[in-house]
Amino acid sequence: MMHILDEIRERFGAEWQNEQRPDLLQIGVQAKTIVPLLTWLKAHTPFVQLTHLSAVDWIEDGEFQLTYLLTDPKAHVSLMVCTRIDREQAEAESIHALWPQAVTYEQEINEMFGIHFPGSPRQGVPFILEGWNDIPPMRRDFDTVAYMNSHHPSRPGREHTDPRAYIGKVFGERGYLHDDD
C-alpha cells in the first residue's frame with residue numbers, strides 16, 4: 001500500500017498521511033484534487049469500494065472536513081481520504097458519478113451540515129429532517145438546548161432520574177448507587 005501512497009503524493013500532492021492501524025491509512029489532500037484522486041484510485045488501484053462518506057465541523061478553523069473511506073475488498077484494507085472545505089461557502093464536488101450510493105451520503109451531509117454538492121441528484125430534498133427550518137443540526141454552533149426549549153417545552157409531572165442510580169437500583173450494582181441509596 002505504501003507504493004500507492006507514494007504515487008498519491010507525486011500525482012495529487014497529499015499534504016499529510018497517517019497510519020491509524022496496519023489495515024487503515026489516512027491521507028489529506030486539497031479539495032480541488034479530491035475528485036481526480038478518487039477517480040484515479042477507483043480506476044488504478046484496488047480501492048474500488050466507497051464504504052463511507054462523513055463530515056466533521058472544525059468550527060475553530062472555519063472549515064468542514066470531508067472523509068471518504070475507500071476499501072480494497074480483497075485485501076481488507078481501507079484508505080481514508082480527507083479534505084477540508086470552507087465552512088462559510090460549504091460546497092464540495094459530488095462523487096455520485098463514481099459511486100451511485102454517494103447520493104445518499106451527500107444528501108444526508110447536505111441536510112445535517114449544510115454542505116452543498118452541486119449536481120448531486122437529491123440536494124435539497126428532505127431526507128431526515130422533514131420541515132426543518134433551523135440551521136443544520138450537526139453544525140457545532142447549533143444550540144440543541146435552546147432548540148429543545150423553544151420547540152419542546154418541559155411537561156409538568158416529570159422528575160429527573162440519574163441514569164447511573166436507576167441502573168444500579170434495577171440491577172443491584174452497588175458501585176452505581178449514590179451513598180444515600
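For this structure, a couple of remarks:
- Yes/no for P156 being surrounded by fewer than 16 Cβ atoms within 10 Å (Cβ to Cβ) and either aliphatic (A, V, I, L, M) or not assigned by TED's automatic domain parsing to the domain that holds L66 (or both): yes
- Every condition in (1) under 24 Å from E93 (Cβ atoms); (2) among the charged types (D, E, K, R); (3) in contact (Cβ under 8 Å) with a residue 24 or more places away in the chain is met by D141 except one, and the failing one is (1).
For (1) in contact with a Phe, Trp or Tyr (Cβ under 8 Å, 6 or more places away or on another chain); (2) surrounded by 15 or more Cβ atoms within 10 Å (Cβ to Cβ), each residue gets a yes or a no:
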{"residue": "R11", "(1), (2)": "yes, no"}
{"residue": "E15", "(1), (2)": "no, no"}
{"residue": "I27", "(1), (2)": "yes, yes"}
{"residue": "P36", "(1), (2)": "yes, no"}
{"residue": "A43", "(1), (2)": "no, no"}
{"residue": "Q89", "(1), (2)": "no, no"}
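- Assessment of the stretch 20-34 against the conditions (polar (S, T, N, Q), over 27 Å from N110 (Cβ atoms), free of Cβ contacts under 8 Å to residues at least 60 places away in the same chain and not in a helix (DSSP H, G or I)) yields no matching residue.
- Residue within the stretch 53-60 that is modelled with pLDDT of 95 or more and part of a helix (DSSP H, G or I) present: yes
- From L50, L41, residue being farther than 25 Å from G114 by Cβ and either at pLDDT 95 or above or not assigned by TED's automatic domain parsing to the domain that holds F113 (or both): L41
- H52 vs. criteria free of Cβ contacts under 8 Å to residues at least 60 places away in the same chain, on the phi > 0 side of the Ramachandran plot and out of contact with any Cys (no Cβ under 9 Å at 6 or more places or on another chain): no
- Count of residues meeting criterion [in a helix (DSSP H, G or I) and modelled with pLDDT under 60] in the stretch 158-181: 2
- Here P100 does not fit the description of being at pLDDT below 95 and of a type outside the set (K, R).
- Condition broken by H52, with the remaining ones in (1) surrounded by fewer than 19 Cβ atoms within 10 Å (Cβ to Cβ); (2) in contact with a strand residue (DSSP E or B) (Cβ under 7 Å, 6 or more places away or on another chain); (3) closer than 19 Å to L5 by Cβ satisfied: (3)
- First in the stretch 96-119 and more than 22 Å from P137 (Cβ to Cβ), second anywhere and at pLDDT 95 or above and acidic (D, E), Cβ under 9 Å, 6 or more apart: H96/E106; P118/E91; P118/E93; G119/E93
- Search result, residues across the stretch 63-83 that are among the acidic types (D, E) and either buried (at least 19 other Cβ atoms within 10 Å of the Cβ) or touching a Pro at 6+ places or on another chain (Cβ under 9 Å) (or both): D72
- G172, sole failed condition from (1) out of contact with any Asp or Glu (no Cβ under 8 Å at 6 or more places or on another chain); (2) in the same structural domain as A43 (by TED's automatic domain parsing); (3) loosely packed, with under 10 Cβ neighbours inside 10 Å: (2)
The values are calculated or read from the model by the stated rules, or taken from the named source; none is laboratory data. The structure displayed is predicted, hence computed values, not measured ones. For neighbour counting, all protein chains shown are included, and Cβ atoms are generated from backbone atoms with ideal geometry for every residue, glycine included.
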